[in-house]
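Notes to accompany the following structure.
The values are calculated or read from the model by the stated rules, or taken from the named source; none is laboratory data. Note that the structure is predicted; figures quoted are calculated from it, not measured. Cβ placement follows ideal geometry from the backbone for every residue including glycine, while neighbour counts extend to all protein chains displayed.
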Amino acid sequence: MRVLNFSIATIFMVLVFGSGNVFARKHHNSFSTQAFQQSITGAFDYYLLSLSWSPAFCSSKAGQKPEKQYQCHGHYGFVIHGLWPQYSKGQYPQNCGPEAHVPEEVSAIALQAVPPMPPGDDALIDHEWRVHGTCSGLNMKQYFTAIKLAASKIAIPAELGEPKQPVREDFNTIVKWFIDSNPGLQKQMLQVITDKYHNLSEVRICFDKQLNFLSCKNKKSSDSLSFLPVQ
């Protein structure tokens, strides 16, 4: 009888907590508006690693916020935005579990990655766990370890490592630099995202669940003729 009660309680919790995730409120990346299917932790097809280009971000209004100054005074090139579970149909899960603050000993895992998550921004780290990490099927420590491991598989092109001056290159050159620096990486496995001024905003790389390079599904780059990564 005790086992039966536990099963009923478990089903009840799934129904209550799962029902709130049928529709996502808002996603912080730059994909077009999409319909979301029910978000269930661990039920996704592949990962998207998003690397944010700090010079462009730090020149934006969002980059002027006090919590962003550790990143924006650090002369970073790329930093980790996040590791996002994705569906092959172009949708993505989010908010699959209760909110929880990421303790320092766990966030340190991603802060020590190469490239790192931006320092001094606890709100971003908590956000990445709440929105994306809870959908990974991993516990908190495993998720941030996965972020660090995914980042370690990407060699940032030397030309974009620690820029001391503005970089002026066209779209195809940036893509070529990444491909040449990462054996096994192909054009269809990454996205280059630009802002409305055609400045480099993010580079996103697709991985399978074992964190091997994977062709991106239903994702397109901002295939501008040219753009300027700003300093």
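Hey, among 113, 151, which residue is out of contact with any helix residue (DSSP H, G or I) (no Cβ under 7 Å at 6 or more places or on another chain) and either crowded, with 19+ Cβ neighbours inside 10 Å or hydrophobic (A, V, I, L, M, F, W, C) (or both)?
Exactly one residue qualifies, and that residue is 151.
Does residue 161 fit the bill of being of a type in the set (Gly, Ala, Ser) and at positive phi?
Considered against the rule, which asks whether it is of a type in the set (Gly, Ala, Ser) and at positive phi, residue 161 comes out as no.
Residues are listed down the side, and each one gets a yes or a no for (1) in contact (Cβ under 8 Å) with a residue 40 or more places away in the chain; (2) within 29 Å of residue 138 (Cα to Cα); (3) not basic (Lys, Arg):
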| position | (1), (2), (3) |
| --- | --- |
| 46 | yes, yes, yes |
| 50 | yes, yes, yes |
| 58 | no, no, yes |
| 66 | no, no, yes |
| 78 | yes, yes, yes |
| 89 | yes, yes, no |
| 97 | yes, yes, yes |
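Out of all the residues in segment 99-109, which are under 17 Å from the mean Cα position of the chain (by Cα) and in contact (Cβ under 8 Å) with a residue 40 or more places away in the chain?
Result: 102, single match.
Residues of segment 178-199 being surrounded by fewer than 18 Cβ atoms within 10 Å (Cβ to Cβ), within 27 Å of residue 212 (Cα to Cα) and not small (Gly, Ala, Ser), which ones?
Correct list: 179, 180, 183, 186, 187, 188.
Starting from residues that are buried (at least 21 other Cβ atoms within 10 Å of the Cβ) and among the β-branched types (Val, Ile, Thr), keep the ones in segment 119-146 and report whichever is nearest to residue 75 (Cα to Cα).
Top of the filtered list is 125.
Out of segment 216-225, which residues are exposed (fewer than 13 other Cβ atoms within 10 Å of the Cβ) and either at pLDDT 65 or above or small (Gly, Ala, Ser) (or both)?
Listed by number, the residues that qualify are 218, 220.
For the condition of a type in the set (A, V, I, L, M, F, W, C) and within 30 Å of residue 168 (Cβ to Cβ), what is the one hit in 108, 123, 100, 113?
Just one listed residue meets the conditions, 113.
Residues that are at pLDDT 95 or above and within 19 Å of residue 212 (Cα to Cα): list the helices (runs of 4 or more DSSP H) wholly contained in segment 78-176 that include at least 3 such residues.
Helices (runs of 4 or more DSSP H) meeting the threshold: 140-152.
Taking the conditions exactly as written (touching a Pro at 6+ places or on another chain (Cβ under 8 Å), closer than 30 Å to residue 42 by Cβ and polar (S, T, N, Q)), does residue 136 satisfy them or not?
yes
Mind listing just one residue for me: the one in segment 190-207 that is over 14 Å from the mean Cα position of the chain (by Cα) and either outside any strand (DSSP E or B) or among the hydrophobic types (A, V, I, L, M, F, W, C) (or both) and, of those, farthest from residue 88 (Cα to Cα)?
Among those that are over 14 Å from the mean Cα position of the chain (by Cα) and either outside any strand (DSSP E or B) or among the hydrophobic types (A, V, I, L, M, F, W, C) (or both), it is 197.
For the subset of segment 177-203 comprising residues that are at pLDDT below 95 and charged (D, E, K, R), which member is nearest to residue 52 (Cα to Cα)?
For segment 177-203, the residue satisfying everything is 202.
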